[in-house]
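Structure first, then comments.
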Amino acid sequence: MKMIIVIIKDNDADTLTQAFTASNFRVTRVASTGGFLRSGNVTMLLGVDDNQVDSAIQVVRDSLPPKGDAKRATLFVVPVNHFEQV
């Protein structure tokens, strides 16, 4: 299992949330700040099976294509050693 962490500008959050849910991914949104002038960001967390990582990343690429040289998302994929729902 992997945790995908996606950091995007807050004005892209609704678009990406809808794209994830339309592709049957569960997503948790967390408001965050950072970067230049402490602009509003959203951090999205997705827990996915190893074989779903590429599909989830493709959803981001399809939903938020770069505008010129500007990138619109930062992604981290990290291993999950333990997962439990209580």
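The values are calculated or read from the model by the stated rules, or taken from the named source; none is laboratory data. None of the values given here were measured: they were computed from a predicted structure. Note that we place each Cβ from the backbone using ideal geometry, even for glycine, and neighbour counts take in every protein chain shown.
Quick notes on this one:
- For Glu84, the criteria (1) surrounded by fewer than 16 Cβ atoms within 10 Å (Cβ to Cβ); (2) in contact with a strand residue (DSSP E or B) (Cβ under 8 Å, 6 or more places away or on another chain); (3) in a loop (DSSP other than H, G, I, E, B) hold in every case but one, which is (2).
- Gln58 vs. criteria over 18 Å from Phe83 (Cβ atoms), assigned to a helix (DSSP H, G or I) and of a type outside the set (Val, Ile, Thr): yes
- Some residue of region 24-41 being polar (S, T, N, Q) and outside any strand (DSSP E or B): yes
- Among the candidates Asp69, Asp12, residue that is over 30 Å from His82 (Cβ atoms), buried (at least 16 other Cβ atoms within 10 Å of the Cβ) and at pLDDT below 95: Asp12
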